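Right, one structure below, let's go through it.
The values are calculated or read from the model by the stated rules, or taken from the named source; none is laboratory data. The shown structure was predicted, so the numbers you read here are calculated from the model rather than taken from an experiment. Every residue, glycine as well, gets a Cβ built from its backbone with ideal geometry; the counts of neighbours run over all protein chains shown.
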């Protein structure tokens, strides 16, 4: 704007100078005006040069800034590309790690299952070993007890002697020891019978029935089997189990019809008012 004003003033002064009559001559004011115009022209030239220099500097700065911006943009682009590549590589690496972790988990589950099977086998082996140890301990204990107990014939004879002498408590203990230490001998059936008979005498009919059953179940062909079945029937009657007692006596008569025990069974059934045969306990009129 300042340059334009100076140019306008210069043009006006030149016009005035040209329009002045020659008759007037060159006055002192005109010379001063020309001097001022020349100074203005010089000033304008200097300002134009300064402006051009500054514009050059600004242009250079703009070009440098543009280059810097372009470099920064290129760096940003390269950085974005690098980041995207890293993210892609990281994603692939994460997927690979996930697959490896899953495979490890599967292997761990398989190992746990195998370990559970091995633990179960160990527990079974320990249980079997404990059972074997318990059986061995029991057998050892029985052997030790047998070595401490009298010989079977001596123990049985002592028990039978005390039984006949009505030493019931002592005889019961001796017969109990006999079936405990020698449960598989031929005389074990007799020992069970006498033990049950002592219990019958003491009124312990429930236990007597159990020991009579030992004779009938484990020694059915022994010489005490008929007597054991007869006394079992009597014990059931004493317990108030009339139908079971009658059925037991009838089985005795059917199994040993000509034995002395069969005669006693018929006599007891006659006193009860029921027949020796049949399936019901019907009282006779």
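Details
- Filter pass, residue 197 being in a helix (DSSP H, G or I) and crowded, with 16+ Cβ neighbours inside 10 Å: yes
- Test for residue 37: is it surrounded by 10 or more Cβ atoms within 10 Å (Cβ to Cβ) and touching a helix residue (DSSP H, G or I) at 6+ places or on another chain (Cβ under 6 Å): yes
- Some residue of region 217-225 being in a helix (DSSP H, G or I) and surrounded by 17 or more Cβ atoms within 10 Å (Cβ to Cβ): yes
- Residues satisfying the stated conditions in region 232-267, i.e. closer than 20 Å to residue 204 by Cα, in contact with a helix residue (DSSP H, G or I) (Cβ under 6 Å, 6 or more places away or on another chain) and either in a helix (DSSP H, G or I) or not assigned by TED's automatic domain parsing to the domain that holds residue 193 (or both): 232, 233, 235, 236, 237, 238, 244, 245, 248, 249
- In region 1-50, the residues that are modelled with pLDDT of 65 or more and not in a helix (DSSP H, G or I): 27
- Residue check, residue 164 in contact with a helix residue (DSSP H, G or I) (Cβ under 8 Å, 6 or more places away or on another chain) and free of Cβ contacts under 8 Å to residues at least 60 places away in the same chain: no
- Figure legend. Inter-residue proximity from region 229-257: first residues on the phi > 0 side of the Ramachandran plot, second residues assigned to a helix (DSSP H, G or I) and at pLDDT 95 or above, beta-carbon distance below 7 Å, spacing 6+ or different chains. No pairs are indicated.
- One residue stands out in region 273-282 among those that are surrounded by fewer than 16 Cβ atoms within 10 Å (Cβ to Cβ) and under 15 Å from residue 244 (Cα atoms): the one that is modelled with the highest pLDDT, namely 275.
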